[in-house]
Amino acid sequence: MWIGIDDTDSAQGGCTTYVATEVIKELSNKFDLIGFPRLVRLNPNIPWKTRGNGAIALHFGHGYGKKFEIGHIGKKIYAYEKGINKFEDVSEELEKIIHARAFLEDEKTNPAFVICRKKPSYSFYKKAVRSIVTIEEAKMETKNCIYKAYKNGRGIIGSVAAISWKPYDRTYELITYARKKWVDEESVIKMDKECKSCFDNYDYENKYIAIMPHANSPVLYGIRGEDADELKKAMGIVISSQIERWIIFETNQATDEHLQKKKIKDVKPYESVIVKGIVKKEPHVIKGGHVIFSIYDGNEIECAAYEPTKRFRNIIKKLRKGDVVVVYGGVRKKPLTINIEKIKIEKLAKVYEKMENPICPKCGKHMKSMGRGKGYRCPKCGIKAGEDKARYEIVERGIKPGFYEVPVVARRHLAKPLKRMKLS
Ligand SMILES: [Zn+2]
């Protein structure tokens, strides 16, 4: 059976992954875990969800084949490569855990769990990671399932979507939990340098430990990587306060599965898009330090590198009218803006700068401009010359075509780092 859980945490605390460890602890006495527990990130632009928007899927049954250690929750936790499905109504156990661990009093926390015999359709996941789905649509997928949705019932969406994910592309995250929160910065840097398949651990530019959560979380740290075994090695390198439990999740993080290629006229709020266009309005800085420009493909849309993207903004500021770019990012509703996660500069426009006004053929003096686009005129002789008669030089742009991404500190869970795109 598949168990899906969503929306148990709140800004005040908790973490749905912690609830997952409680479920694993409880149910591993009766069942085997088949495959890794899954942490599935869904549409990051949904305004009523926390930034993380992550849900959990667990596959329980009777395991066989290769057995591997995936965590420690009071005892060693194993998962099996393969398994025979077993179905049982474990809703009583799940309810108990949710009542104890979910932040039900928070208005924005609307938990749910689903117990399914088989996986719902993959297309449901695709819709939930890329756009907005309704509670009714989620319920359509839960025929023959046992579920419980608390409060406004929204948690059912993530619960079903997490189960319906198929790991065509995947990464792993090893999450540790502790009461006391302390991590040695130097050891994180050491781990980052030694464990080549791990990523987004440390932001060297902003001196930021990216493996630690923001606040009010039972999580001590989470290390991301391509290889589950190397994550265990990485945990061994990081020096921290006493770890109470740890577990490795298989995830859709860093896969870009939230993105879809679109024409500007088809871009909708709360989606995440890949849009190709020509720079129309040149970058300008607005209040708060955000950098805004627009691109055009027959229609026009604004793009933004917000202040938290730090030095990434310096790249964006160098864009000029006529540059051909592909923008990757989430769409904000008002004003309709693409919040850039990464950008590919395909072609830089030739930008000319005027070095000198034309010289009068009669008196040899410099002519004067008659206003923007109106040509030149000699103040002495009255002879006129066109705009093109001035002397121009090509401007050194200071950027090169290629991919640029926001720093680790501003990275979204689903955004695929360039390191994973095998570009370098
Ligand atoms: Zn003259």
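The values are calculated or read from the model by the stated rules, or taken from the named source; none is laboratory data. Nothing here was measured: the structure is a model prediction, and the numbers come from that model. Please note: Cβ atoms are built from the backbone with ideal geometry, for glycine as well, and neighbour counts cover all protein chains shown.
Just for strands (runs of 3 or more DSSP E) wholly inside segment 1-48: which have at least 3 residues that are farther than 24 Å from His62 by Cβ and among the polar types (S, T, N, Q)?
Here the list is empty.
Of all residues in segment 396-407, which are at pLDDT below 95 and either surrounded by 13 or more Cβ atoms within 10 Å (Cβ to Cβ) or acidic (Asp, Glu) (or both)?
Glu396, Arg397 - these are the residues of segment 396-407 that are at pLDDT below 95 and either surrounded by 13 or more Cβ atoms within 10 Å (Cβ to Cβ) or acidic (Asp, Glu) (or both).
I'd like to know if segment 105-123 contains one or more residues that are of a type in the set (Phe, Trp, Tyr), modelled with pLDDT of 95 or more, more than 26 Å from Gly222 (Cα to Cα) and in the same structural domain as Glu22 (by TED's automatic domain parsing).
For segment 105-123, residues of a type in the set (Phe, Trp, Tyr), modelled with pLDDT of 95 or more, more than 26 Å from Gly222 (Cα to Cα) and in the same structural domain as Glu22 (by TED's automatic domain parsing): present.
Of all residues in segment 102-140, count the ones that are part of a helix (DSSP H, G or I) and within 21 Å of Val273 (Cα to Cα).
9
Based on this model, can you work out whether Gly288 counts as farther than 30 Å from Ile34 by Cβ, assigned by TED's automatic domain parsing to the domain that holds Val325 and surrounded by fewer than 22 Cβ atoms within 10 Å (Cβ to Cβ)?
It is true that Gly288 is farther than 30 Å from Ile34 by Cβ, assigned by TED's automatic domain parsing to the domain that holds Val325 and surrounded by fewer than 22 Cβ atoms within 10 Å (Cβ to Cβ).
When the residues of segment 49-60 are filtered to those that are of a type in the set (Gly, Ala, Ser) and part of a strand (DSSP E or B), which remaining residue is nearest to the chain's Cα centre (by Cα)?
The extreme case among them is Gly54.
For segment 187-202, state whether one or more residues are in a loop (DSSP other than H, G, I, E, B) and among the hydroxyl-bearing types (Ser, Thr, Tyr).
Checked segment 187-202: at least one residue is in a loop (DSSP other than H, G, I, E, B) and among the hydroxyl-bearing types (Ser, Thr, Tyr).
Can you tell me which of Gly277, Gly288, Gly222 is at pLDDT 95 or above and on the phi > 0 side of the Ramachandran plot?
Just a single option satisfies the conditions, and that option is Gly288.
For the condition within 20 Å of Asp184 (Cβ to Cβ), among the charged types (D, E, K, R) and out of contact with any Leu (no Cβ under 8 Å at 6 or more places or on another chain), what is the one hit in Lys276, Lys261, Lys233, Lys280?
Lys233
Could you please tell me which pairs satisfy a Cβ distance under 7 Å, a separation of 6+ or placement on different chains, a first residue in segment 186-213 that is of a type in the set (A, V, I, L, M), and a second residue that is in a helix (DSSP H, G or I)?
Met191/Ala234; Met191/Ile237; Ile209/Glu185; Ile209/Val188; Ala210/Val408; Ala210/Val409; Ile211/Val188
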